[in-house]
Amino acid sequence: MKKIISVISAAALTVAMAGYTAMTAFADDAQAATAAASDGSQQNPPMGIGSMLIPLAIMFALLYFVAIRPQKKRDKELKEMQESLQVGDEVVTGGGIVGIVVSVGEDTVVIETGGAKHKLRIKNWAITENVTAAERIKEAKASGKSSSSAKLESAAIVDDDADDKKSKKKKDDEEE
């Protein structure tokens, strides 16, 4: 206990000495400046507040247009995508889980993953990408339709088991 008290008092003494040293150094600089001014030498006038505000305003405007505005736009697009999920969409979560939307609730989504059709209930905010919607938008652009005027149909559910059966059947036919 005595060690702790001695360490704390030593730290407080060190801080007090550092503060005193800084204050006396500032006072010495102020005295030197007033002595130079009284000698009659020309001193530069202090900068006005307007000359300091203009570069500051330019920096804030630049920060807004380079960092803040694009991030808000991305957040808005992500929120719109999460709200417009449809049954059958293939989605990717923030953790990298890929699945197909089975049902959409108010703030949760149930997705199917893998060939065994495991179902997971996740929050809307966890979905980072809607693969099916992105593919539909690309197809609409490729066909010459604008994405805003084109009615994008919901995607068909992909059956992993059916693909496996087709590939097995092809292999069996090739072997015969």
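The values are calculated or read from the model by the stated rules, or taken from the named source; none is laboratory data. For clarity, every value in this text was computed on a predicted model and none was experimentally measured. Glycine gets a Cβ as well: all are built from the backbone with ideal geometry, and neighbour counts include every protein chain shown.
For the reader, a short list of remarks on this structure follows.
- The set of residues in region 51-81 that are over 30 Å from Thr93 (Cα atoms), at pLDDT 90 or above and not aliphatic (A, V, I, L, M) contains only Phe60.
- Residues located in region 65-90, provided they are under 19 Å from Glu112 (Cα atoms) and not hydrophobic (A, V, I, L, M, F, W, C): Gln82, Glu83, Ser84, Gln86, Gly88, Asp89, Glu90
- If you go through region 90-143 and keep only what is free of Cβ contacts under 8 Å to residues at least 24 places away in the same chain, under 18 Å from Leu78 (Cα atoms) and small (Gly, Ala, Ser), you end up with Gly96, Gly99, Gly105, Ala134.
- Of all residues making up region 65-113, the number that are farther than 14 Å from Trp125 by Cα and part of a helix (DSSP H, G or I): 9
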